[in-house]
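Below is one structure, written out as structure tokens; the observations come after it.
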Amino acid sequence: MMGDKLVQVGFILSTALLMPTEARDVLSISQDSVPTNKYLTGVNNEWVSPMEFVTMNHKEGKWQPSTWVNATSPLLSKVLIDTMKNLSLGIHRYPGGSIGNWWDWRKGHFSEDALNCTDHNECKVYEMYQNIMNNSFEEAFPFNFTQFNAMTEAVGAGNLFTLDISTTTDISVPSMVVQALGLKRASRFEVGNEVYDPRQGPPLKGFATVAEYYQLTKPVFQAIRNAGAKSAVPLSPCPLFYPANSSCWGGINGRYHQWNHNVSLLCSISSEDKAVSCPFDALVGHNYVADVKSFAPYPNESHWLPLFLTMPFLSISNSVNNIQRIYPDGNVKMWMSEYNAFYPDVWNGAADSAHYNLSAFFNSTENSGAHALFVASHIMAGMVYGDTIEVMNYHSFLETNTMSQPGFAVTSINSTGVYISPVAQILRKFSVLLKQNGTMHGVTIEDASVQPFTMDGTLLGNSSEPCLQATAICGGVNTFIILNRCARAVETTVNGGCNNQTLVKGFSMQAEVYHSSLAPAGEMWANILSGNPLTPETKTFSNTQITIDPVSLYFISMN
């Protein structure tokens, strides 16, 4: 498998950790490959929130549909469809996030149980949503799965569905959806959202064990398989994204480690050929490992920024290693249906008293150039492990109030226009490349320069990680993609191109370079109107020796 081979050759470190200044990292494209996958540029969104479609009329003291919204079919509003086409994102999730556990698929609305404050701690939020919907739209806010599919189909994107198992277990839903949309448009179902968390399972205390979860959901998994679709079971981020036997989240005897272990016991593995038989096809992982706790052991920004850009690949590499170790035949895949930095750690000054400087740094990354490179690192890791990772959804897509939670939204629409963030710009860049009819490749790095610290404090590993992360796309526009995660330049030699092409002196390559940047505290992206918030630098190389700037992302065309 591609991932197996890249684990062996992906980063080849020299014996010396301190490289002499004249040393060069030697980069070669691996000939192991998988087809390009547009589903690595997906997004998640809480579509049920009407806040994305309404505006307060202060004169009349009430909410009303925003001027850009089609009041009878909000999801098919022209501005929204045009924006989604422009960003060209690969896959969207319905109904999105935690609401998936409280969703009535037949009504296309959150379930009545979501309004029961005895059962659900977010009941007041959903009650507010319902009041705004009822007061803003003449008819019930239309948001059933067929309308969602009409939206995604209109913009050329796929669907990822999350089934409600916390308030009802309707085993007829998968076949209903597949019959209505066709298998091509309804091929992936998550069975619950984050149900390893007691707050996400059935009230009041969630699922106590995997056995309890599976007793309820076994008919659902079977119904999905009978419909010809794929199913996935949620895993706890720890230990999925951490090394085996990590001390994270209570250690190996804790609830979350045991949850993941017990999910694997639902499968049987042949002792002869290691063939794996599971009731599910994939594992769901939500990657938010970049949090204050992970950065706190390190002293200052000279460590924090390289850490920020290194954690995505290392965490995803750990997850693939764990999956391939436990499910050795390679048939169990991963759907990373949410990922981001865990910015709630620092919103509203939450970490200021304990970690003032770190909190200021973390806030400054939110929707900065550094944040865009952080997202790029996730996608590049997904490309390297493309035989295991099928889906990746950045959290999240749409926000109308550009002064709140910009790090959890890539675009905003209001009466003055459409706004996109640096993250959206980079997602679009990757999406265009990954929609080509080509192949994704790992890149071997010999004599790799490494960072001047280890990853022990993050619990993700104990090594000094390479400065460079690299991958490539062959077919269409042959492209080397290189991310320098170190705070110093790295000298490289590009040793080989696509299809074993030998690159020689005089071979011309052009690079589009995105440099990291940190937004001044409190600066938002509301002033970026229908354009590109990041201005890439263009560089041309006439030989194979290239200097990669500090904390920068290079898209190098080799055509």
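The values are calculated or read from the model by the stated rules, or taken from the named source; none is laboratory data. It should be emphasised that the depicted structure is a prediction, and the values quoted were computed from it without experimental measurement. A quick note on method: Cβ atoms are made from the backbone with ideal geometry, for glycine too, and the neighbour counts reach across all protein chains shown. All accessible areas refer to the heavy atoms of the entire protein, side chains included, with ligands and DNA or RNA removed. Shrake-Rupley method; radii C 1.70, N 1.55, O 1.52, S 1.80 Å.
Things worth noting here:
- DSSP beta bridge pairing in the chain, given as percent antiparallel to the nearest 5: 60
- Considered as an equivalent ellipsoid built on the Cα gyration tensor, the chain has semi-axes of 37, 28, 23 Å, the largest given first.
- Cα gyration tensor shape for region 56-212, rounded if a/c is under 1.5, else prolate or oblate: oblate
- Net charge of neighbours whose Cβ lies under 12 Å from the Cβ of E446, counting Lys and Arg as +1 and Asp and Glu as -1: -1
- Considering only P239, L183, G206, the residue lying farthest towards the positive end of the dipole of the chain is L183, judged by Cα position with unit charges set on Cβ.
- Share of Cα-Cα pairs in region 265-365 lying beyond 19 Å, as whole percent: 54
- Taking the accessible area of region 308-394, probe 1.4 Å, and keeping the other protein chains in place, the carbon and sulfur fraction comes to 48%.
- Only Lys, Arg (+1) and Asp, Glu (-1) charged, at Cβ; region 161-255 dipole about Cα centre in debye: 260
- Take the chain and mark each of the GluC sites (Glu not before Pro) that is in a DSSP loop with at most 11 other Cβ atoms within 10 Å; the longest unmarked stretch, sites excluded, is 273-559.
- Accessible area per residue for the chain is 38 Å², calculated with a 1.4 Å probe on protein heavy atoms, without ligands, DNA or RNA.
- Overall form of region 124-237 per C-alpha gyration tensor (a/c, 1.5; a/b vs b/c): oblate
- Residue-averaged 222 nm ellipticity for the chain, from DSSP H runs of 4+ at -39500 (n - 2.57), nearest 500: -8500 deg cm²/dmol
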